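Visitor: Sharing a structure here in structure tokens format.
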Amino acid sequence: MAKLFFEVVTPDKVLVSQEVDSVVAPGSLGEFGVLPGHISFLSGIVPGELRYSDGVAKESMVVTSGFAEVSNDKVSVLVDAAERASEIDVERARQAMERAEERLAKGRGVEDIDFMRAEAALKRAMTRVKIAERSM
Ligand code: ATP
């Protein structure tokens, strides 16, 4: 059966580099799925769950922001950060959520950039908590 070559790369490391049967990713225009033979395309990646399967083995990961390229049965996901669901430190994510919520509660000030950063941090932390809890 035809396979996809799948890689997940962050600035720190290559988290995944292997053949798989399918990939489902959180695209900026919505979740998309890729099977062998898919047309080539590029998509933004937003914080969310990235799933892939290889036979009966299924894996769930959290990704933050980046891009995905699908071309010639190869799926490359380049993101700022990614972790396997089983490797998420839930306590750390909860603390990140609290810090972000505190910042957001102070409201939008002159330093709008901090507000936007806190919104993005909250989104990452909420995604981590949701996916970690689901995989427990
Ligand atoms: P924090 O404030 O806790 O650092 P963050 O959202 O700012 O959270 P990122 O910038 O997305 O963190 O990621 C920095 C690095 O830490 C990445 O390598 C990422 O995989 C890892 N990381 C962040 N949060 C967690 C977590 N809850 N569990 C495991 N790894 C994490």
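Visitor: Out of all the residues in the range 111-133, which are open to solvent by less than 40 Å² (accessible area, probe 1.4 Å) and in contact with a strand residue (DSSP E or B) (Cβ under 9 Å, 6 or more places away or on another chain)?
Guide: If the condition is that a residue be open to solvent by less than 40 Å² (accessible area, probe 1.4 Å) and in contact with a strand residue (DSSP E or B) (Cβ under 9 Å, 6 or more places away or on another chain), then T127, I131, A132 are the ones that fit.
Visitor: Restricting attention to the range 14-42, which residues are among the charged types (D, E, K, R) and open to solvent by 70 Å² or more (accessible area, probe 1.4 Å)?
Guide: E19, E31
Visitor: Could you please let me know if R108 is more than 9 Å from the ligand (Cβ to nearest atom) and surrounded by fewer than 16 Cβ atoms within 10 Å (Cβ to Cβ)?
Guide: Criteria met by R108.
Visitor: So which residues in the range 1-15 are assigned to a strand (DSSP E or B) and among the acidic types (D, E), if there are any at all?
Guide: Answer for the range 1-15, where residues must be assigned to a strand (DSSP E or B) and among the acidic types (D, E): just E7.
Visitor: In the list S60, S71, which residue meets the criterion of being more than 13 Å from the ligand (Cβ to nearest atom), surrounded by 14 or more Cβ atoms within 10 Å (Cβ to Cβ), modelled with pLDDT of 95 or more and of a type in the set (S, T, Y)?
Guide: From the options S60, S71, the qualifying one is S60.
Visitor: If I filter the range 100-109 for residues that are among the hydrophobic types (A, V, I, L, M, F, W, C), touching a Lys or Arg at 6+ places or on another chain (Cβ under 8 Å) and modelled with pLDDT of 90 or more, do I get at least one hit?
Guide: No: the range 100-109 contains no residue that is among the hydrophobic types (A, V, I, L, M, F, W, C), touching a Lys or Arg at 6+ places or on another chain (Cβ under 8 Å) and modelled with pLDDT of 90 or more.
Visitor: Does A93 count as within 30 Å of F41 (Cα to Cα), out of contact with any His (no Cβ under 9 Å at 6 or more places or on another chain), assigned to a helix (DSSP H, G or I) and near the ligand (Cβ under 9 Å from one of its atoms)?
Guide: no
Visitor: Right, another one. Could you tell me how many of the residues in the range 78-99 are more than 20 Å from P11 (Cα to Cα) and either touching a Gly at 6+ places or on another chain (Cβ under 8 Å) or basic (K, R) (or both)?
Guide: 3
Visitor: Ok, one more. Using the structure shown, decide if R99 is more than 15 Å from R128 (Cα to Cα) and assigned to a helix (DSSP H, G or I).
Guide: Criteria not met by R99.
The values are calculated or read from the model by the stated rules, or taken from the named source; none is laboratory data. The model shown is predicted, which means the values in this text are computed figures rather than measured ones. Glycine also receives a Cβ, built like all others from the backbone with ideal geometry; neighbour counts cover every protein chain displayed. Just so you know, the surface numbers come from the protein's heavy atoms only, side chains and all, with ligands and any DNA or RNA stripped out. Shrake-Rupley method; radii C 1.70, N 1.55, O 1.52, S 1.80 Å.
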